[in-house]
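Report on one structure; see the data block that follows.
The values are calculated or read from the model by the stated rules, or taken from the named source; none is laboratory data. What you are looking at is a predicted structure, and each value in this text was computed from that prediction instead of being measured. Cβ placement follows ideal geometry from the backbone for every residue including glycine, while neighbour counts extend to all protein chains displayed. Just the protein is used for accessible areas: all its heavy atoms, side chains included, with ligands, DNA and RNA removed. Shrake-Rupley method; radii C 1.70, N 1.55, O 1.52, S 1.80 Å.
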Amino acid sequence: MPSFKIDTSTAMVFVATAPTPKLVNKQTGEIAVDRESGAKMMTVGLLISDEGEGNLYQVAIPETGVPESLNPGTPVSVVGLKARDWENEFNGQKRHGISFRAVAVTPGA
């Protein structure tokens, strides 16, 4: 499925939740890996505020693009943020949504 670039150049972006490993399977604890680089994937909650509206996004980022000093409330810039729609079937139920992925986050806006 195609992905779409998201322009955050006019937005204020803050860390909402600290980085955690992105799990492929919660039962086994298997951590997702970036197919291109082989880096472990992390999930970071980002609050993105623009034009008077703020939204919380869970963004997948390779571990190499996540600085150690990323704490809730830290203003950041997002590099290469993209959205992709997804759909799957699990236990006979169809589910769908939008996933978000970035190349990196850097401290400071």
Whole-Hz ³J(HN,Hα) from phi, Karplus 6.51 cos²θ - 1.76 cosθ + 1.60, for the range 3-14, glycine and proline x:
10, 10, 6, 10, 8, 10, 5, 9, 8, 9, 10, 10
What's the long-distance tail for the chain, i.e. % of Cα pairs beyond 25 Å?
22 percent
Ranking by accessible area, most exposed first, for Ile48, Ile31 with a 1.4 Å probe
Ile31, Ile48
Summed residue charge, Cβ within 14 Å of Leu81's Cβ, Lys/Arg positive, Asp/Glu negative:
+2
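For the chain, with all protein chains present and a 1.4 Å probe, just round the carbon and sulfur fraction of the accessible area to a whole percent. All intermediate terms of the calculation are to be shown ahead of the outcome.
Working: 3820 of 7470 Å².
Here carbon and sulfur together make up 51 percent of the probe-accessible area.
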Can you list the aspartates and glutamates whose alpha carbon sits under 18 Å from that of Lys26, skipping same-chain ones fewer than 8 residues off?
Asp34, Glu89
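Sorted by average packing, counted as other Cβ atoms within 10 angstrom per residue and highest first, what order do 12-21, 32-41 take?
On the way: 12-21: 16.2, 32-41: 13.7.
In descending order of packing, they fall as 12-21, 32-41.
Full extension from Ala39 to Ser77: what is 0.36 nm times the residue separation minus their Cα-Cα distance, to one decimal in nm?
Working: separation 38, 0.36 × 38 = 13.68 nm, distance 2.06 nm.
The Ala39-Ser77 span can extend by a further 11.6 nm.
Stretch Gln58-Ser3 to full length: gain in nm at 0.36 nm per residue minus the Cα-Cα span?
Numbers: separation 55, 0.36 × 55 = 19.80 nm, distance 1.59 nm.
Length difference between fully extended and current span is 18.2 nm.
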Starting from the Cα-Cα distance between Ser49 and Phe90, subtract it from 0.36 nm times their residue separation and give me the gain in nm to one decimal.
11.4 nm
Most packed first (mean Cβ within 10 Å per residue), the peptides 56-62, 80-86 order as 56-62, 80-86
Under 18 Å from the Met12 label point (7 Å along Cα→beta-carbon), backbone N, the range 34-77:
46-57, 71-77
